[in-house]
4 protein chains.
Amino acid sequence: MASAFRDVAHLGFVELYTPDFEKSLWFFTELLAMREVGRDGDSAYLHAWDDYEHHTIKLTAHETSGVGRLGLRAASEEALQRRVAAIEAAGRGVGWHDGGPGMGKTYAFTDPDGHPMDIYFDSEWHVPTEESRPALKNQADRFPGRGVNARRLDHVNFLGKDVAENGRFVEEVLGGKPTEQIRLDNGMLSGQWFTFSNKSYDLVYSGDWTGSSGRLHHVAFATDTREDILKAADIFLENGIHIETGPHKHAIQQTFFLYVYEPGGNRIEFCNAGARLILAPDWKTIEWSEAERAKGQAWGMKTISTFHTHGTPPVELPAS
Amino acid sequence: MASAFRDVAHLGFVELYTPDFEKSLWFFTELLAMREVGRDGDSAYLHAWDDYEHHTIKLTAHETSGVGRLGLRAASEEALQRRVAAIEAAGRGVGWHDGGPGMGKTYAFTDPDGHPMDIYFDSEWHVPTEESRPALKNQADRFPGRGVNARRLDHVNFLGKDVAENGRFVEEVLGGKPTEQIRLDNGMLSGQWFTFSNKSYDLVYSGDWTGSSGRLHHVAFATDTREDILKAADIFLENGIHIETGPHKHAIQQTFFLYVYEPGGNRIEFCNAGARLILAPDWKTIEWSEAERAKGQAWGMKTISTFHTHGTPPVELPAS
Amino acid sequence: MASAFRDVAHLGFVELYTPDFEKSLWFFTELLAMREVGRDGDSAYLHAWDDYEHHTIKLTAHETSGVGRLGLRAASEEALQRRVAAIEAAGRGVGWHDGGPGMGKTYAFTDPDGHPMDIYFDSEWHVPTEESRPALKNQADRFPGRGVNARRLDHVNFLGKDVAENGRFVEEVLGGKPTEQIRLDNGMLSGQWFTFSNKSYDLVYSGDWTGSSGRLHHVAFATDTREDILKAADIFLENGIHIETGPHKHAIQQTFFLYVYEPGGNRIEFCNAGARLILAPDWKTIEWSEAERAKGQAWGMKTISTFHTHGTPPVELPAS
Amino acid sequence: MASAFRDVAHLGFVELYTPDFEKSLWFFTELLAMREVGRDGDSAYLHAWDDYEHHTIKLTAHETSGVGRLGLRAASEEALQRRVAAIEAAGRGVGWHDGGPGMGKTYAFTDPDGHPMDIYFDSEWHVPTEESRPALKNQADRFPGRGVNARRLDHVNFLGKDVAENGRFVEEVLGGKPTEQIRLDNGMLSGQWFTFSNKSYDLVYSGDWTGSSGRLHHVAFATDTREDILKAADIFLENGIHIETGPHKHAIQQTFFLYVYEPGGNRIEFCNAGARLILAPDWKTIEWSEAERAKGQAWGMKTISTFHTHGTPPVELPAS
C-alpha cells in the first residue's frame, strides 16, 4: 500500500559485530572520527558528527564479524503503530523491548532473511559535550577535522537468500520504495535498492550466493564530498586498511564509492551521491539487466570478484 | 496540522521575468547549460539536466525583472485534493487552470504576499532527445559538461511584506516545515526557511524592507559539488556576469553559495549543501537572533549590503 | 653533466597523428575545450587555455595514429646552443629547420628510438582573440568553461625499444633528471620518468614489448583539480569515448589519472598531481622493483592489461 | 644578471616568533598536522609532511610575534658560492654560521629591510620515524589525515619599508624573478612577487605603511586542493581561530586563499594555485595598477582593511 511510504523516516543505527574489538574501535574512532558516546558490556556506542540521534553504530565484540540489529526511526508515534501492526500482520514481529541507550520503547522484528531489526519513534537527540560543541548551532556535533570525517550512516546493504521476498517485505510492510534493481536473465532479482526518504537509497538487498541468511554485504557512511573519498583512500593506504575497490562511480545509483574492510572483517563503504536526490513522488523503479550489469561500473571498471563473494560473517562452503 | 507535511513533494518550476530576454536566455542556456525544451509566445521553457519534469524554468520576456508563477508538485492526487481544499479554506484559491506545456490540471493560488503559485500532481516527465539521451538510464538528461552545469532547481527565496504571515500560510496550508528562521530583537521574523522534503529548505521568505509585495530575492540552482561553484565563479568572471557575493558558506543552513545577477537583473544563487539533509521527522526549528546574524557568514565574511536591498522587480522608493 | 639540467625549460608542443581527423578534432576542441589557432595543410594547431606559446597540439591527418614531432623549449638562446652542440656530439642531430607557425629557428633531432624532436628558444607567445581574452591579465587565454577544460600539456610518454638507452640520451644530452624509474628483476629499466622543471615529470619512456620504435604510449594534459578528472570521466561516458582506466592514483609519481583513447586511437591521459613538485635540487631517483610494481596502483587497483599492450601506431605482431 | 636565476632552488624553512608558544605549537601540530621533529631551547622544529628537508618551521618563544630567519636552499655548492659572493659584494653579508639542526654550513645575511636570511646547500633530508613512515616511498612523510594537512611551506610575504629596494636585492643578488607586481599611481611599487622556481611565487614584499622594518605580512602553506582550504575554514571555525579573509581567489597570481591569525598573532595563509606554474623562461612581469587593484579579488570581494594594516610584530604608531 502506497501510504506506508514515509512511515519509516530513515535508518537510525546499526550494530556491527567484530572479532577484533579494539582494532575495530580504532578504525571507527581514529580513522572515521566517530566519537564514543557510551559503553555497555561488550559494546561501544559511536556517533558520527552529523547524526542527530544518540548513536550511529553500536560496535559489539563477538566471535565473528557480521551485523546485529538495524534501527529504523518511524516518522511519528502513529506511523510507528501502523508499521508495528503491519509487521505483526506479516508474522515477523518479535515484540517490544528496551532499545538501550538513547532509545525509548522499541519494537523488535526480523526481515524474511532473519536480520534483526528495530523500529521506534522515541529517540534521545545527541547532546554535544563541552568539548564537542559545534561552532554553528544547526549542527549535531563539532566537525572533527580528522581522518575520513564520516558524516552519517548512509545505508545498509544486507545479503539475503531471496532478494524478492525480502524486498516485498520492505516495500509492503515497511513502506520502502524500490528505486533501482537488477533482474537476472532467469527473472530473479539479484539486488534491490530501497529508499524511505529523498535519498536515492537507504536499505539494499543483494543475493547471498552461499544460501546463508542474516549476513551483511556492507554498511555505508556518507562523506561531504567526493574529494573526501579520495582523501579517505590515502588515509586507508597509510593505515594499512585493505581497500577492496574504488574510488569509482557506480552505474547503479551513480554513487561515488570506496570499499574497505574494517579490522573486524566487515565491508565498509564511503559514499557520496553529490546532489542526487529522488524528489519524484512517482519515481519508476530503474531495472538493470544482466547484460547491463556486466558492463561494470559507470566509468567502465569491472566489478571486483570479491564484491560477489565477501560477506560477513564468513561462511564455510561445502567443497563443490 | 502536522499531517500536511509531505503533501507537497517538492518545488516544480519557477517562472522568471526578464526585460532582456535574449541575454537572459543566453545566461540560462549557455552559462548554466539548461536545454530549451519549448517556446510559447514570449516564453521559453528551460530544463536542467537532473530535473525529471518537463521544465525547470519558464523564462518570460517582460517589461521588468521579477518572478511569475511558482509550481509545487503534490505527492499524489489525494494530497493535491487535500491541499486545494486547505487553500480554498484559507481563502487564497484562484482556481483550476491549464498549466501549460508539461503540466496537466493545475490549481492556481497566491501566498499572502500575492506571489502566484500553482499546485498540481499530473506531470509529463522529461524525455531526452536523441542527442541529449544520457549514458546512464537513471538520469533525466545528458550531463551537459558545459558552464555551470546547473543540476536542478534547488529553492526559491521570496521577499514578503510580512514574513510571519506568509510563513504561517506555508506551514499550515501547504505543509512546509520551518527548519531555520531569524527573529529580530523586536520579536518579528525577518527570514524563514521551509522544507517540503529531506532537503534542508525549498522555499524561503525574507522581509521586504520596501513594503512592496510579490517580489523575488533569488532563485537557486543546485550544483554537484562545491568545486562546481568555484568553477562557476570563474565562468561568470570570464563572461562579465556580476558576482554579488561568494563563494562562501552561510551560517544559516550551512549552504556553500555564490550569488550573481542574471542579465535580466534577477539574483541567481548556486548552492551546494554537501551531504546535508534533514532526516529527523521531529526537527526543531533553529532560530537565529539579530546578534547572531550580525556575525556574518559561517567563515566570518560580513553580509554584503546589496543582499538586503536588491530585489526584483526594482521598486521606486519615496525620497526619505 | 649535471649542468645540462634546466637548459630545456619545458615541453612545448606535440604533434599527434590521426586517421580520423574530424573526430579527433572534435575530441580536442569540443571535449577538451582547446581552441583552434591555425590550419596548415592536413594539420590543425590547437591551444590549451593556460599554455603561453602558440599551440599545444599539432593535429595531423595521417594514415595511422601515432606521434609526430615533440617540441622542447630551451631556457635561453645560450641553452639552446649548448643543447644543439651536445645533440650533434651525440650524433643525433638532423639540422635547423623552419618550425612552422608560432616557432622561430628550430633544431631537429631524434632520440635513440627515432622519435622526431625539436628544440628551440624563439617562440611566439599566444595572443588571445577579442573573444578569447581572459578577464585576468595573468592568464594566457580565457577559461573555456566547457568539457574537460584541458589546462596545458603536462607530459609525453613514449614507448622505446631500449628504455635505458633513451634515458641516457635524455639525461646526458638533454639534461633531464630521472625522478622515478622501474627496474625489472633482470636489471633492465622498463620505465623512466624525467623532469626538466619542478614538475615531477615531463617526459617518460616505457619499454615497447613489440620491439618497434618511435611509438607513443600517451600524451597527458593537466587539469586544475582532481574533481575535473572525475567530471571528465562523466563527459567521456556521455560522449562515447573509450575510458581505458581510472580515475585512480598512480603509486609512481602519485598522479591522479584518467586514460582514454581519442577517436584516432591515441591514448590520452588527464592528470593532476595536486600540489606535488620536485623542489629538491639533489632529488634521488626513486626506483620501483617488479614486486612493488605488481602491487598495482596507489589504492590497490590492478593495472589494466591494455596499459601494457596498447601503443600507437598499432603494429602487426608475428603470430607467436 | 639573468644567470643568477635558479641559484636559489627554493625556500627552505622560516622561523616564527610567538608570545604564546604553547598555543602556537598546538596550532601548527594539531590544526596544521605538522610533526615536531626537535626541540632546542625556546624553539621547536616542525615538519610538514611533503617537505623533504629537516624542518619547515622553527617556532620560537619570543616576547612578540614576528619572523626570524628565512632559509633559502641553493641549487648546488657552486650556486651557493656564487650567491655568497654576490651578497658580500652587495654589502649585505653577515657570515658563515652553524645553521642548527638539519643544516650544514650556512651563510647569514640580511635583505635591505633587515630581515635575517640564511643561504645553504648542505641539508639533512627528513627521515620518517617508524610511526610516520609513508606507504609510498616517493613521499617524505606519512600523510597525516588530520586538520589542514599543511603540505609544505609555499611562500613568505615580508613587509618592507621600500619594496623596490628589497626587490632589486632579490632580483639582482639572489636571482629571484618578479612574476607580478603592483605599481601605484605615483610610480612606486607597493608589492612584488618573486619566484626562484616554477612556482608562480616564493617570496613577496609588500610595503610597510608604518615605516618599520623587518616585519612579516604572512607565511603561507600549500594544501593539496581547494577543497582542503574550504575544509580548513571549517576547522578554524570549530577551533576558534580568527579567520581574517577568504576562502576566495586572488586576482594577482590567481591563488585560492584563506588567511587566519595563529594564536601568536602571525598571519598564516593556506593557498592553492591549482595546476598553475610559470614554465616560460622569459616570463614578462605582470604589472597591476592602483585602479586594477581597487577592483578587489578575482571574484569581486573587496580586500579587507586589516590586510593592509596587520603585520607582525605589531608596532606602536604615533598618534596622527
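Between B:Val156, B:Val170, the distinction of being in a strand (DSSP E or B) and among the aliphatic types (A, V, I, L, M) belongs to B:Val156 only.
Can we say C:Lys231 is over 27 Å from C:Gly66 (Cβ atoms), over 16 Å from the mean Cα position of the chain (by Cα) and within 14 Å of chain B (Cβ to nearest Cβ)? When the stated conditions are applied, C:Lys231 passes them. Going through (1) without any contact (Cβ under 8 Å) to a residue 60 or more places away in the chain; (2) away from chain C (no Cβ under 11 Å); (3) in contact with a strand residue (DSSP E or B) (Cβ under 8 Å, 6 or more places away or on another chain) one by one, B:Gln254 falls short only on (3). Based on this model, can you work out whether B:Ala280 counts as surrounded by fewer than 20 Cβ atoms within 10 Å (Cβ to Cβ) and more than 11 Å from chain A (Cβ to nearest Cβ)? No, not satisfied.
If we scan the stretch B:5-19, do we find a residue that is farther than 15 Å from B:Leu174 by Cα and not in a strand (DSSP E or B)? Yes; the residues of the stretch B:5-19 include at least one that is farther than 15 Å from B:Leu174 by Cα and not in a strand (DSSP E or B).
When D:Glu227 is tested against the conditions (1) under 21 Å from C:Phe256 (Cα atoms); (2) surrounded by fewer than 22 Cβ atoms within 10 Å (Cβ to Cβ); (3) touching a helix residue (DSSP H, G or I) at 6+ places or on another chain (Cβ under 6 Å), the lone failure is (2).
When the residues of the stretch A:144-165 are filtered to those that are away from chain D (no Cβ under 14 Å) and among the basic types (Lys, Arg), the one that is surrounded by the most Cβ atoms within 10 Å (Cβ to Cβ) is A:Arg152.
For every residue, the table says whether it meets (1) out of contact with any Lys or Arg (no Cβ under 7 Å at 6 or more places or on another chain); (2) more than 30 Å from C:Arg152 (Cα to Cα).
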{"residue": "D:Thr245", "(1), (2)": "yes, yes"}
{"residue": "D:Ala280", "(1), (2)": "yes, no"}
{"residue": "D:Glu290", "(1), (2)": "yes, yes"}
{"residue": "D:Gly311", "(1), (2)": "no, yes"}
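Is at least one residue of the stretch B:143-158 among the hydrophobic types (A, V, I, L, M, F, W, C) and out of contact with any Phe, Trp or Tyr (no Cβ under 7 Å at 6 or more places or on another chain)?
The answer is yes, given that some residue of the stretch B:143-158 is among the hydrophobic types (A, V, I, L, M, F, W, C) and out of contact with any Phe, Trp or Tyr (no Cβ under 7 Å at 6 or more places or on another chain).
Would you confirm, using the coordinates I've provided, whether D:Thr29 is closer than 16 Å to D:Arg267 by Cα and either of a type in the set (Val, Ile, Thr) or in a loop (DSSP other than H, G, I, E, B) (or both)? Here the answer is no, as D:Thr29 does not meet what is asked.
Restricting D:Thr56, D:Thr106 to residues that are without any contact (Cβ under 8 Å) to a residue 60 or more places away in the chain, buried (at least 20 other Cβ atoms within 10 Å of the Cβ) and of a type in the set (Val, Ile, Thr) narrows the list to D:Thr106.
Taking the criterion of being touching a strand residue (DSSP E or B) at 6+ places or on another chain (Cβ under 7 Å) and more than 26 Å from B:Asp282 (Cβ to Cβ), the residues of the stretch A:146-175 that qualify are A:Arg146, A:Val148, A:Asn157, A:Phe158, A:Leu159, A:Gly160, A:Val163, A:Ala164, A:Asn166, A:Gly167.
Taking the stretch A:71-143 and the strands (runs of 3 or more DSSP E) fully enclosed by it, the elements with 2 or more residues that are within 14 Å of chain B (Cβ to nearest Cβ) are at A:116-120. The listed residues are C:Gly264, C:Gly240, C:Gly211, C:Gly274, and the only one of them that is away from every other protein chain (no Cβ under 11 Å), surrounded by fewer than 23 Cβ atoms within 10 Å (Cβ to Cβ) and in a loop (DSSP other than H, G, I, E, B) turns out to be C:Gly211. Screening C:Met103 on (1) at pLDDT below 95; (2) farther than 21 Å from C:Met34 by Cα shows it passes everything except condition (2). Taking the criterion of being part of a loop (DSSP other than H, G, I, E, B) and either within 15 Å of C:Lys302 (Cβ to Cβ) or among the polar types (S, T, N, Q) (or both), the residues of the stretch A:295-309 that qualify are A:Gly296, A:Gln297, A:Gly300, A:Met301, A:Lys302, A:Thr303, A:Ile304, A:Ser305.
Collect the residues in the stretch D:1-28 that are farther than 26 Å from C:Arg6 by Cβ and crowded, with 19+ Cβ neighbours inside 10 Å, keeping them in residue-number order. Within the stretch D:1-28, D:Glu15, D:Leu16, D:Tyr17, D:Thr18, D:Ser24, D:Leu25, D:Phe27, D:Phe28 meet the criteria. Candidates D:Glu36, D:Glu77: the one that is farther than 21 Å from D:Ile268 by Cβ and not hydrophobic (A, V, I, L, M, F, W, C) is D:Glu77. It is to be established whether one or more residues within the stretch B:109-130 are in contact with a strand residue (DSSP E or B) (Cβ under 7 Å, 6 or more places away or on another chain), on the phi > 0 side of the Ramachandran plot, free of Cβ contacts under 8 Å to residues at least 60 places away in the same chain and surrounded by fewer than 17 Cβ atoms within 10 Å (Cβ to Cβ). The answer is no; no qualifying residue exists.
The values are calculated or read from the model by the stated rules, or taken from the named source; none is laboratory data. Keep in mind it's a predicted model, so treat the numbers as computed, not measured. Glycine also receives a Cβ, built like all others from the backbone with ideal geometry; neighbour counts cover every protein chain displayed.
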